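Contents: one structure, followed by commentary.
The values are calculated or read from the model by the stated rules, or taken from the named source; none is laboratory data. Predicted model, so just to flag it, every value in this text is computed and none were measured. When we count neighbours, we look across all protein chains shown, and the Cβ atoms used for this are built from the backbone with ideal geometry, even at glycine.
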Amino acid sequence: MTSSDRRQQYERDGFLVLEEFVSVSACRTLMERAGELVEAFEPSSVRSIFTTKEQERASDEYFLGSGDKVRFFFEEEAFDADGDLRQDKHESINKIGHAMHDLDPVFDAFSRNPDVADLAHDLGLDDLLLLQSMYIFKNPRIGGEVGCHQDATFLYTDPITVTGFWFALEDATLENGCLWAEPGGHKRGLRQVFKRRGDDAAGTYFDTLDERPLPDPHGRPVWSRSKCPPARWSC
């Protein structure tokens, strides 16, 4: 695809899929580094669970304060009734985030690869700022569903400019963990904004801007690919 083709498709659909944009060796380097980070992490030090269900209740200070840290978040039901992990910690982590692009040298080098910057400029993304990064695991036999959502709900700007770069580190199928997107969904308005309560009140809440429901991929597939990421690096 030419730069013009890329930009036209991106502006039309709101997403762009590029095969083999990153080398296999680069993907392996990120996976190995993520494994090293998990190995060095001591689960008894914190037990923060990431879930997209009841986020108003489940978002804790460990999660909310992770914007400038490298922190670890467990899958739903990672722990049993006694507080012990049900399986090995490497297979219990949901994700690592959210400042890996600044604080870890391996992820820093990947995030600031000139090829990524060139792509962003080709798509018309100027005045760039790396704000958040995460490494998402898709471990077997564990994990809650991530429903349809809009990234701007959680990374809100006015005007809306948040753009996600997702890198598939492994191949996947529809059966084991695809990433889905709705063509043209970026033109249909923001539904909610995720907000922290005031200083005198703990917790978070969703401020609803539009009552229209988001698409249901279970009822009508809106976009899918045969090669999607079970393990993903997002910047």
Task: Search result, residues across segment 202-232 that are surrounded by fewer than 14 Cβ atoms within 10 Å (Cβ to Cβ) and modelled with pLDDT under 60 - done: 219, 220, 221, 224, 226, 227
Task: Tally of residues being out of contact with any His (no Cβ under 9 Å at 6 or more places or on another chain) and either polar (S, T, N, Q) or at pLDDT 90 or above (or both) across segment 124-144 - done: 5
Open item on the list: Out of the helices (runs of 4 or more DSSP H) lying entirely within segment 93-158, which hold 3 or more residues that are in contact (Cβ under 8 Å) with a residue 12 or more places away in the chain and closer than 24 Å to residue 8 by Cα?
Closed with: 114-122
Open item on the list: Quick check on residue 56: is it touching a Phe, Trp or Tyr at 6+ places or on another chain (Cβ under 8 Å), modelled with pLDDT under 95 and surrounded by 15 or more Cβ atoms within 10 Å (Cβ to Cβ)?
Closed with: no
Open item on the list: What's the number of the only condition in (1) surrounded by 18 or more Cβ atoms within 10 Å (Cβ to Cβ); (2) modelled with pLDDT of 90 or more; (3) in a helix (DSSP H, G or I) that residue 63 fails to meet?
Closed with: (2)
- [ ] Kindly establish whether residue 79 is touching a His at 6+ places or on another chain (Cβ under 6 Å) and either over 20 Å from residue 146 (Cα atoms) or surrounded by fewer than 18 Cβ atoms within 10 Å (Cβ to Cβ) (or both).
- [x] no
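Within segment 67-87, is even one residue aliphatic (A, V, I, L, M), in contact with a Pro (Cβ under 8 Å, 6 or more places away or on another chain) and not in a helix (DSSP H, G or I)?
The initial filter retains those residues of segment 67-87 that are aliphatic (A, V, I, L, M), namely 70, 78, 81, 85.
The next check asks that each one be in contact with a Pro (Cβ under 8 Å, 6 or more places away or on another chain); those that pass are 85.
Right, trim to not in a helix (DSSP H, G or I) and you get 85.
Yes, segment 67-87 has at least one match.
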- [ ] Could you tell me which residue of segment 121-179 is surrounded by the fewest Cβ atoms within 10 Å (Cβ to Cβ), considering only residues that are within 24 Å of residue 107 (Cα to Cα) and of a type in the set (Asp, Glu)?
- [x] 127
Open item on the list: From the list 75, 61, 36, exactly one residue is under 29 Å from residue 186 (Cα atoms), within 21 Å of the chain's Cα centre (by Cα) and of a type outside the set (A, V, I, L, M). Which is it?
Closed with: 75
